[in-house]
Ligand code: ADP
Ligand code: MG
């Protein structure tokens, strides 16, 4: 069994199998959110992507934390298709792009990974905070993790703060006018509705926190 505040490769795999289950279980919510201002396919897309991630996590050899993130990223890109497949794949692939191989995950490494994720997504999609995209949740979560890393907070405490920051980001996304996707054409009419991708990011952090609270808290 791994130590407190530090997950092994297998535990990170287990954590993301839980995340995948929760994303798949949120299909209706994500469909509803994307239907309000988008085309309504986000729930189906994420569900397909994370089903593929479960299959690949269970069949591929995973030797490092990097392998886990790469496997999820490749699964999303190959199965979801379209712009959002690349964007969500980049969250995982971009996160470990410049990370040296590691066999443990802690607050400091997750902060590094999410910083890479944010950079990767911004480079790919050219969106910034306030454009009503998943960055509205990812950027505050990444910032919170970096703060937690400098404060040397426990892994669970760091995830709680990241989850809260992502949730607040989803709330704030309601106030924004969209600069990308179908919601862009709605202009001010998109105000009052949260972004679908930001909602997914929040679900991902919430599910990570749940797993750690149950298994490593
Ligand atoms: P699609 O936009 O093709 O219908 P989805 O509905 O699955 O794909 O995903 C939509 C989500 O993707 C949006 O809610 C937003 O969070 C995210 N997104 C779209 N474009 C960008 C972008 N350029 N940068 C970051 N995130 C984006
Ligand atoms: Mg959509």
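FYI, it's all coordinate maths here, none of it is from the lab. Predicted model, so just to flag it, every value in this text is computed and none were measured. Here the Cβ is made from the backbone with ideal geometry for all residues, glycine too, and neighbour counts use every protein chain on show.
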Can you tell me which residue in region 167-188 is farthest from residue 134 (Cα to Cα), limited to those that are touching a helix residue (DSSP H, G or I) at 6+ places or on another chain (Cβ under 8 Å) and more than 12 Å from ligand 1 (Cβ to nearest atom)?
186
Could you tell me how many of the residues in region 169-188 are in a loop (DSSP other than H, G, I, E, B) and at positive phi?
1
Taking the residues in region 162-185 that are surrounded by 17 or more Cβ atoms within 10 Å (Cβ to Cβ) and under 18 Å from residue 40 (Cα atoms) as candidates, determine which candidate is nearest to ligand 2 (Cβ to nearest atom).
181
Check residue 159 against each of (1) within 16 Å of ligand 1 (Cβ to nearest atom); (2) under 21 Å from residue 25 (Cα atoms); (3) buried (at least 23 other Cβ atoms within 10 Å of the Cβ) and name the one condition it does not meet.
(1)
Those residues of region 189-214 which are more than 16 Å from ligand 2 (Cβ to nearest atom), within 17 Å of residue 39 (Cα to Cα) and assigned to a helix (DSSP H, G or I), in sequence order
189
Can you tell me which of (1) on the phi < 0 side of the Ramachandran plot; (2) within 16 Å of ligand 2 (Cβ to nearest atom) is the one residue 40 doesn't meet?
(1)
